[in-house]
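Q: Got a structure for you, written out below as structure tokens; questions coming shortly.
The values are calculated or read from the model by the stated rules, or taken from the named source; none is laboratory data. In this text the structure is predicted, and so the values were computed from the model without any measurement. In this analysis, Cβ positions are derived from the backbone assuming ideal geometry, glycine residues included, and neighbour counts consider all displayed protein chains.
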Protein chains: 2
Amino acid sequence: MIHDQPFIAGDWGTSNLRLFLCQGDTVLDRATGPGVAACAGKLETVLFDAIAPWTDRHGILPVILCGMVGSSIGWAEAPYLECPADTADLAASLLRLKARGHIVGIVPGLTCTSPLGGPDVMRGEETQILGALAARPELAEGRHLLCLPGTHSKWVLLEEGRVTRFMTAMAGELFAVLRQHSVLGRGTEGHAPVQGPAFSQGLARALSAPASLPHLLFETRSRQLRAGMDAADAPSFLSGMVIGGDVAGALAAMGDKVAADVPVTLVAAPALAALYAEALTMLGRPSHSLDGDGQSLAGLRSIIAHAAPLFAGDDRS
Amino acid sequence: MIHDQPFIAGDWGTSNLRLFLCQGDTVLDRATGPGVAACAGKLETVLFDAIAPWTDRHGILPVILCGMVGSSIGWAEAPYLECPADTADLAASLLRLKARGHIVGIVPGLTCTSPLGGPDVMRGEETQILGALAARPELAEGRHLLCLPGTHSKWVLLEEGRVTRFMTAMAGELFAVLRQHSVLGRGTEGHAPVQGPAFSQGLARALSAPASLPHLLFETRSRQLRAGMDAADAPSFLSGMVIGGDVAGALAAMGDKVAADVPVTLVAAPALAALYAEALTMLGRPSHSLDGDGQSLAGLRSIIAHAAPLFAGDDRS
């Protein structure tokens, strides 16, 4: 039975590999490695080198992986699963490989028609969502809005424990490219964005006219030239505008799909969640946060619990 | 009299210097040189090297310059003039330098509180606007909306020939940084944006939900993954979304300040003007275009006509 056996769970994104040797709810050991982007054509070798200490000791182990490892730039492409989808659907759709005698399951991403009417995709976040569902069983009942902020923020509608729709925002990446490569970053090098008055002012500006975000963004520059904004405050102001634009745009498209008094669940590192919580508060929406760290592992555990026969079946072959 | 004398007019922006030797309405000669960004600390030398053939022949000549040459990274800072402002106001506020026996007039930029309620600035475009006013005298009567699209698009409200308010959009620069530095450009290198079905589709997407632009932008990626969009079409689609976001956001903030049947005046190169005209048409706004090339020179001529006593006065000193 899989619950008694050790297994390996891995979150293998573009930039990082995080591996866990698990047994039941216990993490026996951890390891890290390079992201998918740095391992083109040699993912199998990188993985088995990283887990060699564990396989040397435990022999053949089931392996379950999520993230960009299942993308076109990964090890093998795990096709996107159409929403609505839940833990059982994801477990049933694992891409199953055999490698060096081990069974490796790769979690598929999800796809849907977004609330804006276009195609949307996620890969890796679906596993974090399952982790959030495991951590907060109340999310499995009724309708809930989840936000996983980041490079590409994901806003997710959960209905009775199933992901029914979601939408992506260019949030963290928009901030980064404007900061590093546009006039908005000029002279602000070395000043990190922080949660404070300049951030709040940026939020308020974005929320005042979200349909004019391309115009408001320029205030990051014009306020330094004409309104006495300190260069040290500009990155915080810009961050506030980008996050305000993300939150306002997502609520405009999805806000009416969940009762206004149901807290938005923010799945993120606490500092990032606090920025989004401030934006939601400004718009009158309650929120609560779940530390993003650990949700991938929790989600992988949920999937392997559902997928146990898949791995067990192979032990008999 | 200045109208009989040759004079030198120059548009000196961040990236380019364009110089004209003029007499009345005739351009006697042209020259080009490096932009302000490449000339830190040696602008005077660069200028006089460039105009040496003209001063060798004609002696002391009045010089009038517009653009970033008057900014903090330029030759001397010409303070922003507060709106409302017209040709006479700009002429009266020329920053006047003496250099090597010549009088050099630098056109100030403009500042205002934008229709969005924040500070805004322009430097260089004020001279193009005066050129448009000279080319289209009907713009000097009633209310008109001008759009000068570009790296930082400017939307300008003209009332009875005066610039009363304006707003800036991060348009061309937003497109460039997303294209060159974000995931939205991945795999699309070498494909230039063109006006065609993919551009129109991007426009329509942006206009469908302008408050969700950070989310819609991601469709540049997701449509390639899920909707069969060819990588060659992605830059055009992205361009459509950025221009759609610019036009929708500007009209949301300023569209009601001008009668809906008064054409928006686009001041730009014809190919760029056509992209903005398509967006305006989709939103039911008529437009007409004025080739941006040459408007700076026309504006400088308008200013020097008003400022003639300023230069003439010095000839007597």
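Q: If you take the residues of the stretch A:174-194 that are touching a Gly at 6+ places or on another chain (Cβ under 9 Å) and surrounded by fewer than 24 Cβ atoms within 10 Å (Cβ to Cβ), which of them is farthest from the other protein chains (Cβ to nearest Cβ)?
A: A:PRO193
Q: Hey, among A:LEU310, A:LEU266, which residue is within 21 Å of A:ARG143 (Cβ to Cβ) and either among the acidic types (Asp, Glu) or in contact (Cβ under 8 Å) with a residue 12 or more places away in the chain (or both)?
A: Exactly one of A:LEU310, A:LEU266 is within 21 Å of A:ARG143 (Cβ to Cβ) and either among the acidic types (Asp, Glu) or in contact (Cβ under 8 Å) with a residue 12 or more places away in the chain (or both), namely A:LEU266.
Q: Output the residue which, of all residues in the stretch B:51-68 that are touching a residue at least 40 places away in the same chain (Cβ under 8 Å) and outside any helix (DSSP H, G or I), is surrounded by the fewest Cβ atoms within 10 Å (Cβ to Cβ).
A: Result: B:ILE60.
Q: What is the one condition in (1) under 12 Å from the mean Cα position of the chain (by Cα); (2) in a helix (DSSP H, G or I); (3) within 14 Å of chain B (Cβ to nearest Cβ) that A:VAL156 does not satisfy?
A: Failed condition: (2).
Q: Any idea which residue in the stretch A:215-237 is nearest to B:MET167 (Cα to Cα), counting only those that are buried (at least 24 other Cβ atoms within 10 Å of the Cβ) and within 11 Å of another protein chain (Cβ to nearest Cβ)?
A: Here the answer is A:HIS215.
Q: Return only the number of the condition from (1) modelled with pLDDT of 95 or more; (2) farther than 17 Å from B:GLN295 by Cα that B:ASP11 does not satisfy.
A: Going through the list (1) modelled with pLDDT of 95 or more; (2) farther than 17 Å from B:GLN295 by Cα, B:ASP11 breaks only (2).
Q: Which of the numbered conditions does A:GLY245 fail, given that it passes all the others? Conditions: (1) under 30 Å from A:ALA134 (Cβ atoms); (2) of a type in the set (Gly, Ala, Ser); (3) within 11 Å of chain B (Cβ to nearest Cβ).
A: Of everything listed in (1) under 30 Å from A:ALA134 (Cβ atoms); (2) of a type in the set (Gly, Ala, Ser); (3) within 11 Å of chain B (Cβ to nearest Cβ), A:GLY245 misses just condition (1).
Q: Mind counting the residues in the stretch B:101-145 that are in contact with a Leu (Cβ under 7 Å, 6 or more places away or on another chain), in a loop (DSSP other than H, G, I, E, B) and more than 10 Å from chain A (Cβ to nearest Cβ)?
A: Residues that pass the stated criteria total 3.
Q: Within the stretch A:17-50, count every residue that is closer than 19 Å to A:GLY105 by Cβ, within 20 Å of the chain's Cα centre (by Cα) and in contact (Cβ under 8 Å) with a residue 24 or more places away in the chain.
A: Residues that pass the stated criteria total 5.
Q: So, in the stretch A:271-304, how many residues would count as being more than 21 Å from A:GLU138 (Cβ to Cβ), touching a residue at least 60 places away in the same chain (Cβ under 8 Å) and in a loop (DSSP other than H, G, I, E, B)?
A: Residues that pass the stated criteria total 1.
Q: Considering only the stretch B:161-173, state which residues are touching a strand residue (DSSP E or B) at 6+ places or on another chain (Cβ under 8 Å) and either over 26 Å from B:ALA234 (Cα atoms) or at the interface with chain A (Cβ under 7 Å from one of its Cβ atoms) (or both).
A: Those that are touching a strand residue (DSSP E or B) at 6+ places or on another chain (Cβ under 8 Å) and either over 26 Å from B:ALA234 (Cα atoms) or at the interface with chain A (Cβ under 7 Å from one of its Cβ atoms) (or both): B:ARG162, B:VAL163, B:THR164, B:ARG165, B:PHE166, B:MET167, B:THR168, B:ALA169, B:MET170, B:ALA171, B:GLU173.
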